[in-house]
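*Asks:* One structure, pasted below without further comment.
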Amino acid sequence: MKDSTRKWLWLLLYFVILLAPLLIVMIGPRPEPREFWRELSVALGFVGLALVGTQFIPTARLQILSNLFSMDEVYYYHLRAALVGFVLILAHPLILFMFNPTSVRLLNPMTAPARATFGVIAVLAMIGIMVTSIYRKQLNIKYEVWRTFHMIFAVVMVLTAMLHVLGVDYYLASPLQRGLWTVLTVVWLGLIVNTRLLKPVRQLSVPYKVTEIRPEVDYVWTLVIKPDGHDGLRFIPGQFVWLIIQRPPFAIRQHPFSIASSAEEHDHLEFTIGEAGDFTAKIGEVPVGARVYVDGPHGSFSIDKYDAPGYVFIAGGIGSPPIMSMIRTLADRGSDKPLWLFYGNVKYESIAYREELEALQDTLNLKVIHVLEKPSEDWEGESGFISAEILDRHLSQDRNDMIYFICGPVPMIGAMLTALKQIEVPLVNVHTEQYDMV
Ligand SMILES: Cc1cc2nc3c(=O)[nH]c(=O)nc-3n(C[C@H](O)[C@H](O)[C@H](O)COP(=O)(O)OP(=O)(O)OC[C@H]3O[C@@H](n4cnc5c(N)ncnc54)[C@H](O)[C@@H]3O)c2cc1C
């Protein structure tokens, strides 16, 4: 079955799961209708909760989904769906308070029934999720701390919302409805248990060990790992994994890194890692022999997903590893397809894989266009940022038949999409991977 068909089938299934809470409400006996605003507020609460509850699916790192949908698609959807769910959930009590001001007393946990307090806790947890996610950087919250709280808030929110819904007992009067609602909540929370407990247990039996850590260029390292007592994993070039280094697989400290090595080499995995923060700053100190656990492969940012007469790669700085994996794989497969790599870096010395790329131009039908932000005076190549003019100058006339892969900092991805639009490349041919999740 084609990937696009599978994608549509999954979207259809997701839509059914999304509607499940409402379907459960509708299968039971209909209670007496109440005022319009009250019914509206309840309906918004149910839809909001359904939207938020199903967010456990895109974030569950399910390979069956992450190999179909790109990370950018998944996180784009997750952020927006959670935001819409949040607004709907917030509208639920606000509409109640507006049309029935005396109901504000339900906010007082000393006098309010438990079911109302559960609702209040659910809304507070949801506010916690939104504020810390939108303003994480401004609030100076470390990524791992944010992630831990994100998970705790999400579990608290769904559990207390379920207790609120069951406690109110208006639309879920029959045992069947209550049973189905409980099953739904268990499935949502089960996805977290799978990611945080079951998956790590499975990873314990397939460890890796570090066999090499070498400096690539300033502040950039290449880490090589080998499977320890098993066959390793198979991946398609461009995919990434979550690495857990020198910690048990249950650790919250897991970082996503693209596999940089060729998908045709099965005995080891290579990662090229730039120093960005507290974890990556110490990557050069990881000793040979250190234990590593791998969750993956994930992602659909890959030449193997999109057959084309040729490929155009655009990388900015440390965005090059997935692209390098694709180029190395094409070389191992003896490809003669036309390939372009537009590679933006600050200066000549910061170009990772420089010599290897030079050599690959002799074996592949590959044209590498280095674009340097701060070149030395004797630099004769392209300078500044990669632009529509630079792309136009180097790409051939059949550019619209090519498939494009862009990986780099978020602003660069936006600029490249604009540039490609300017030179009239259809954006359906363009695939992106950004390294900044929150
Ligand atoms: C799909 C994907 C593939 C990536 N591949 C590479 C790669 O091949 N090479 C490379 O150098 N970098 C890659 N990154 C980025 C890398 O994951 C982050 O730079 C790294 O996790 C930063 O961790 P830190 O603690 O050193 O820095 P911090 O200062 O803690 O983080 C810097 C930024 O990185 C992001 N980040 C931090 N921790 C995580 C985490 N656990 N999960 C997701 N994002 C996080 C946050 O947006 C944060 O603002 C990739 C990211 C993604 C999403």
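The values are calculated or read from the model by the stated rules, or taken from the named source; none is laboratory data. The structure displayed is predicted, hence computed values, not measured ones. Counting neighbours? That spans all protein chains shown, and the Cβs are built from the backbone with ideal geometry, glycine included. With ligands, DNA and RNA removed, areas are computed over all heavy atoms of the protein, side chains included. Shrake-Rupley method; radii C 1.70, N 1.55, O 1.52, S 1.80 Å.
*Asks:* Can you say whether Glu380 is over 19 Å from Tyr311 (Cα atoms) and acidic (Asp, Glu), as far as the supplied structure shows?
*Replies:* Yes: the conditions hold for Glu380.
*Asks:* May I pose another question? Could you check how many residues of segment 335-361 are assigned to a loop (DSSP other than H, G, I, E, B) and in contact with a helix residue (DSSP H, G or I) (Cβ under 9 Å, 6 or more places away or on another chain)?
*Replies:* 7
*Asks:* Going through segment 193-202 one residue at a time, which ones are away from the ligand (no atom under 16 Å from the Cβ) and either in contact with a helix residue (DSSP H, G or I) (Cβ under 6 Å, 6 or more places away or on another chain) or not hydrophobic (A, V, I, L, M, F, W, C) (or both)?
*Replies:* Result: Asn194, Arg202.
*Asks:* Tally the residues that are open to solvent by less than 60 Å² (accessible area, probe 1.4 Å), within 16 Å of the ligand (Cβ to nearest atom) and in contact (Cβ under 8 Å) with a residue 12 or more places away in the chain, restricting the search to segment 109-153.
*Replies:* So the answer is 10.
*Asks:* Still on this structure, please answer the following. Being open to solvent by 10 Å² or more (accessible area, probe 1.4 Å) and away from the ligand (no atom under 12 Å from the Cβ) is the requirement here; does Val292 meet it?
*Replies:* no
*Asks:* Please determine whether any residue of segment 26-38 is surrounded by 14 or more Cβ atoms within 10 Å (Cβ to Cβ) and within 30 Å of Pro256 (Cα to Cα).
*Replies:* no
*Asks:* Read through the list (1) in the same structural domain as Ile406 (by TED's automatic domain parsing); (2) open to solvent by 10 Å² or more (accessible area, probe 1.4 Å); (3) more than 16 Å from the ligand (Cβ to nearest atom), then give the number of the only condition that Val346 fails.
*Replies:* With (1) in the same structural domain as Ile406 (by TED's automatic domain parsing); (2) open to solvent by 10 Å² or more (accessible area, probe 1.4 Å); (3) more than 16 Å from the ligand (Cβ to nearest atom) applied to Val346, the lone miss is (3).
*Asks:* So, one more: State all residues of segment 89-105 that are within 14 Å of Leu124 (Cα to Cα), buried (at least 16 other Cβ atoms within 10 Å of the Cβ) and of a type in the set (A, V, I, L, M, F, W, C); if no residue qualifies, say none.
*Replies:* Ile89, Leu90, Ala91
*Asks:* Return yes or no: is Glu377 more than 25 Å from the chain's Cα centre (by Cα), of a type outside the set (A, V, I, L, M, F, W, C), modelled with pLDDT under 95 and open to solvent by 60 Å² or more (accessible area, probe 1.4 Å)?
*Replies:* yes
*Asks:* Still on this structure: Working only within segment 163-179, note down all residues that are open to solvent by less than 30 Å² (accessible area, probe 1.4 Å), of a type outside the set (A, V, I, L, M, F, W, C) and touching a helix residue (DSSP H, G or I) at 6+ places or on another chain (Cβ under 7 Å).
*Replies:* Result: Gln177, single match.
*Asks:* Mind telling me which of the residues Leu88, Leu106, Leu68, Leu96 ends up being in contact with a Phe, Trp or Tyr (Cβ under 7 Å, 6 or more places away or on another chain) and more than 14 Å from the ligand (Cβ to nearest atom)?
*Replies:* Only one candidate passes the filter, namely Leu68.
*Asks:* Select, from Phe301, Phe313, the only residue that is within 16 Å of the ligand (Cβ to nearest atom), surrounded by 24 or more Cβ atoms within 10 Å (Cβ to Cβ) and part of a loop (DSSP other than H, G, I, E, B).
*Replies:* Phe301
*Asks:* Restricting segment 218-254 to residues that are away from the ligand (no atom under 12 Å from the Cβ) and part of a strand (DSSP E or B), which is surrounded by the fewest Cβ atoms within 10 Å (Cβ to Cβ)?
*Replies:* My answer is Lys226.
*Asks:* Do you know which residues across segment 179-217 are in contact (Cβ under 8 Å) with a residue 40 or more places away in the chain, among the charged types (D, E, K, R) and either closer than 26 Å to Ala20 by Cα or not in a helix (DSSP H, G or I) (or both)?
*Replies:* Selection gives Arg196, Lys209, Glu212, Glu216.
*Asks:* Restricting attention to helices (runs of 4 or more DSSP H) lying wholly within segment 1-120, give those where 2 or more residues are basic (Lys, Arg).
*Replies:* 3-27
*Asks:* Further question: What number of residues within segment 395-438 are surrounded by fewer than 15 Cβ atoms within 10 Å (Cβ to Cβ) and under 17 Å from Leu372 (Cα atoms)?
*Replies:* 1
*Asks:* Scan segment 318-334 for residues that are open to solvent by 10 Å² or more (accessible area, probe 1.4 Å) and part of a loop (DSSP other than H, G, I, E, B) and jot them down.
*Replies:* Arg333, Gly334 - these are the residues of segment 318-334 that are open to solvent by 10 Å² or more (accessible area, probe 1.4 Å) and part of a loop (DSSP other than H, G, I, E, B).
*Asks:* Another one. Are any residues in segment 269-288 exposed (fewer than 14 other Cβ atoms within 10 Å of the Cβ) and either at positive phi or near the ligand (Cβ under 8 Å from one of its atoms) (or both), and if so, which ones?
*Replies:* Those that are exposed (fewer than 14 other Cβ atoms within 10 Å of the Cβ) and either at positive phi or near the ligand (Cβ under 8 Å from one of its atoms) (or both): Gly277, Asp278, Ala281.
*Asks:* Given the criteria over 19 Å from the mean Cα position of the chain (by Cα) and in the same structural domain as Val288 (by TED's automatic domain parsing), does Ala251 qualify?
*Replies:* No.
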